[in-house]
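J.: Have a look at this one before I ask anything.
The values are calculated or read from the model by the stated rules, or taken from the named source; none is laboratory data. Note that this is a predicted model, so its numbers are computed, not measured. When we count neighbours, we look across all protein chains shown, and the Cβ atoms used for this are built from the backbone with ideal geometry, even at glycine.
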């Protein structure tokens, strides 16, 4: 069995992981004509994410233009994955993504950060976002209504509005914001989650009932902010029709997982992968390398019943960092890369604690991960690639603090794009 | 209950000193039976009394003393003898039966002895007791710290206390009782008296689920990490015993945590790979006038000190020593002494009159929250999935407590105490608190950041494995998605947040 994929063919590339990085690499490779198999333990972290492509929000001061801030940021953080990403690559990968999302649009570019309210009302810098969210850029807003949906416990409009009012933006006045709690028909259900509301908003009757209630409650607000639940596959038309019915611009605000906008983008990219001939194998945990004479010839996969081998010419490791299980720490503090046992960098040394007492401290363990060369190949202690045909992408690469920098999807998109590019160069 | 007009003051929230910092084991007395039969007898009597008055806070898990491979095989016979002599019901069961009841137990155990241990929710007992006291006219002031014990000559006349806003209030009283545990020496000093308390620090580690459903003790002289207690949705291993100079020293070392995980491995093989949630320390108030070398050898029994005999200071009593299980008896003895001081005899009824919510005598059981949830499945929101807390109960607790502090709510409802450690409920509870208590945005923001800090405090020293993964998901939610580090007006809080 060794040397052959489960379906009897050797894949050109096996991609491990179905988050932003893995899907980007997988789609790009498949569209270039390679035989791609994406294996994933679960549905992928993208479905939990706001699906805004944050490139660089804080470094640590708030960044106005990621493209222009990048050089200085990399100079100050030489081990950061962005050290491998030029502004040109960033722009290319962003355009690549925009071209692939067809049922709605992504707006913005790495030149400018928008400031979009979070679900606690903090104006958060983000560069490339769904068109349904871009209207929330508070640099252009003066007077908004923030609406909640009574049965949704994951969005509290009064807190969003209060904090927005208190959030003065440099060079601009604070936003005037008022909250409205709507009570949409839920068939008597008191506890309706974001995904369930996402499905309901795809129904025209539900939409118009909410729009009617909202219209009656609005005063002279210039725009309406609401939780990001405006449907899945038809979000473009759902959003357009809802705005028309309300009579004002409406923008979505992403909230805590699970994420409707995350599911949208994950579905779009998975569909792209499928249409390009790529395979997607779910419930398949990668557990180790398949080696022949020391050379990586595939990945061992554990499915429900047994262990199999996915043979491949190239492997993309996009398993994520500590949050996704791509990097693990055991009870004795040992840090390991969980699939291939690759060398891990950035771990605290000796007696140094991994975590500091204050929650918002920068913790020594924050930025652990593998280190890669310019072709995105994980390297050993001497800087040499561990395998010629192994590439890493996304949060498994150390050196970043993505949730603090607001850089997660930007790193995943650009390194996924670059890892695929390196494999395509090898294939030529 | 004895008809006195009483005021209770506590420097922080109730049960945040030592009471809320133990593992939740309601002793049968077995743990002390060989070495300290007096303490064992008290435990047994109070175990019976608390089952009668505080059933709603107690889960009747039963307890088991097991001889593990590292234990002296002869101890079990001594243990059985001592239990019989003390009156603790004890039954030896075959090892196979013990393993059938608790399949995760170390299969190498050689003996298993069943005793009537149970588990008890310390906060629920405290709040039920407080409700009962309030119904009898007591006034309760949490977050009021004693700054001075006032005297008129040799006679104590009351206390000067500082409230949450910094305002000072003089309380006048016929008699002052110091029930301040490991802090008793400090309060006594304010009255010009001397009390020697040995603060003995112990740490506990909570695992994310119930590895056992029975309290499991090693059948051996009490030592470190020899108790595993199933309580609510988690199980807790404890504890250590380290003398500390400062009763506010709750620091936790890596070595202590590792010692607990290793001890857990002996009781339940695979313990190290199970998901460790959280760690905390508590300080035992061990009383002795002459300092011995090892605090665990000090008696756990308590003492009531009348300072007129000891220090020539009248109308001032200290109740010290003891342990959670004997809190009722300690209170009884202290109030008996106060009656003597006041020259009156009034009988104590606390051993017989059930606390509010416990009148029906039904014990707490694991499914009770789920049953409550199922009864209102479509009518109420589930705010904390881990601990099954509904929105209605949360709002009621906020309004009843009148608090803007989510940690106060935690101690009432277990908010944020389950496997996700507040990852989801903190955000929801903040939004609800903001509305229910009509808070300003900055008050709500502070409540959220302080609760995040409070949760982080207990996970940070032992983060690894799946709990680290959870903590990183939580970070990603709060910092990545919500950007809480840039909440308006919070720079101050970040600088000065309590550690």
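J.: Scanning segment A:155-167 for residues that are part of a loop (DSSP other than H, G, I, E, B) and within 7 Å of chain B (Cβ to nearest Cβ), which turns out nearest to residue A:226 (Cα to Cα)?
T.: A:156
J.: Go through segment A:335-366 and give me each residue that's at the interface with chain B (Cβ under 9 Å from one of its Cβ atoms), assigned to a loop (DSSP other than H, G, I, E, B) and more than 17 Å from residue B:253 (Cα to Cα).
T.: A:359, A:360, A:363 - these are the residues of segment A:335-366 that are at the interface with chain B (Cβ under 9 Å from one of its Cβ atoms), assigned to a loop (DSSP other than H, G, I, E, B) and more than 17 Å from residue B:253 (Cα to Cα).
J.: Does residue A:114 qualify as being within 23 Å of residue A:413 (Cβ to Cβ), more than 10 Å from every other protein chain (Cβ to nearest Cβ), in contact (Cβ under 8 Å) with a residue 12 or more places away in the chain and buried (at least 24 other Cβ atoms within 10 Å of the Cβ)?
T.: no
J.: Further question: For segment B:469-494, which positions are more than 8 Å from chain A (Cβ to nearest Cβ) and either in contact (Cβ under 8 Å) with a residue 40 or more places away in the chain or touching a strand residue (DSSP E or B) at 6+ places or on another chain (Cβ under 9 Å) (or both)?
T.: Residues satisfying the conditions are B:470, B:471, B:474, B:478, B:490, B:493.
J.: Which numbered condition in (1) under 29 Å from residue B:483 (Cβ atoms); (2) in contact (Cβ under 8 Å) with a residue 24 or more places away in the chain; (3) part of a helix (DSSP H, G or I) is the only one that residue A:421 fails?
T.: So the condition that residue A:421 fails would be (1).
J.: Is one or more of the residues making up segment B:461-468 over 21 Å from residue A:403 (Cβ atoms), more than 9 Å from chain A (Cβ to nearest Cβ) and part of a helix (DSSP H, G or I)?
T.: For segment B:461-468, residues over 21 Å from residue A:403 (Cβ atoms), more than 9 Å from chain A (Cβ to nearest Cβ) and part of a helix (DSSP H, G or I): absent.
J.: Among the residues of segment B:427-441, is there at least one that is within 7 Å of chain A (Cβ to nearest Cβ), assigned to a helix (DSSP H, G or I), within 26 Å of the chain's Cα centre (by Cα) and more than 17 Å from residue B:390 (Cα to Cα)?
T.: No, segment B:427-441 contains no residue that is within 7 Å of chain A (Cβ to nearest Cβ), assigned to a helix (DSSP H, G or I), within 26 Å of the chain's Cα centre (by Cα) and more than 17 Å from residue B:390 (Cα to Cα).
J.: What's the number of the only condition in (1) out of contact with any strand residue (DSSP E or B) (no Cβ under 6 Å at 6 or more places or on another chain); (2) modelled with pLDDT of 95 or more; (3) surrounded by fewer than 21 Cβ atoms within 10 Å (Cβ to Cβ) that residue B:38 fails to meet?
T.: In the conditions (1) out of contact with any strand residue (DSSP E or B) (no Cβ under 6 Å at 6 or more places or on another chain); (2) modelled with pLDDT of 95 or more; (3) surrounded by fewer than 21 Cβ atoms within 10 Å (Cβ to Cβ), residue B:38 misses (2) alone.
J.: Limited to segment A:367-415, what total is found for residues that are more than 20 Å from residue A:266 (Cβ to Cβ) and away from every other protein chain (no Cβ under 14 Å)?
T.: Residues that pass the stated criteria total 25.
J.: Next question, about the same structure. Residues in segment A:317-334 that are more than 8 Å from chain B (Cβ to nearest Cβ) and surrounded by 20 or more Cβ atoms within 10 Å (Cβ to Cβ): how many?
T.: Keep residues of segment A:317-334 that are more than 8 Å from chain B (Cβ to nearest Cβ), which gives A:317-320, A:326-327, A:334.
In the following step, the residues that additionally are surrounded by 20 or more Cβ atoms within 10 Å (Cβ to Cβ) were identified as A:317-320, A:326-327.
Selection size over segment A:317-334: 6.
J.: Would you be able to tell me the number of residues in segment A:165-191 that are within 26 Å of the chain's Cα centre (by Cα) and within 16 Å of residue A:250 (Cβ to Cβ)?
T.: Residues meeting the conditions: 0.
J.: Right, another one. Please verify whether residue B:372 is without any contact (Cβ under 8 Å) to a residue 40 or more places away in the chain and in contact with a strand residue (DSSP E or B) (Cβ under 9 Å, 6 or more places away or on another chain), treating the condition exactly as stated.
T.: Criteria met by residue B:372.
J.: Okay, next question. Restricting segment A:117-138 to residues that are more than 14 Å from chain B (Cβ to nearest Cβ) and in a loop (DSSP other than H, G, I, E, B), which is surrounded by the fewest Cβ atoms within 10 Å (Cβ to Cβ)?
T.: It comes out as A:137.
J.: With the condition kept exactly as written, say whether any residue in segment B:85-93 is assigned to a helix (DSSP H, G or I), closer than 22 Å to residue B:336 by Cα and at pLDDT 95 or above.
T.: No - not one qualifying residue is present in segment B:85-93.
J.: What is the number of the single condition among (1) within 14 Å of chain A (Cβ to nearest Cβ); (2) more than 25 Å from residue B:14 (Cβ to Cβ) that residue B:419 does not meet?
T.: With respect to (1) within 14 Å of chain A (Cβ to nearest Cβ); (2) more than 25 Å from residue B:14 (Cβ to Cβ), residue B:419 is out only on (1).
J.: While we're looking at this one, here's another question. With the condition kept exactly as written, say whether any residue in segment A:247-257 is modelled with pLDDT of 95 or more, assigned to a helix (DSSP H, G or I) and closer than 21 Å to residue A:184 by Cβ.
T.: no
J.: Can I ask one more? Which one of these is in a strand (DSSP E or B) and either within 18 Å of the chain's Cα centre (by Cα) or surrounded by fewer than 22 Cβ atoms within 10 Å (Cβ to Cβ) (or both): B:205, B:212?
T.: Result of the check over B:205, B:212: B:205.
J.: I'd like the residue in segment B:246-272 that is within 11 Å of chain A (Cβ to nearest Cβ) and touching a strand residue (DSSP E or B) at 6+ places or on another chain (Cβ under 8 Å) and, out of all such residues, is nearest to residue B:211 (Cα to Cα).
T.: Once the filter is applied, the top-ranked residue is B:271.
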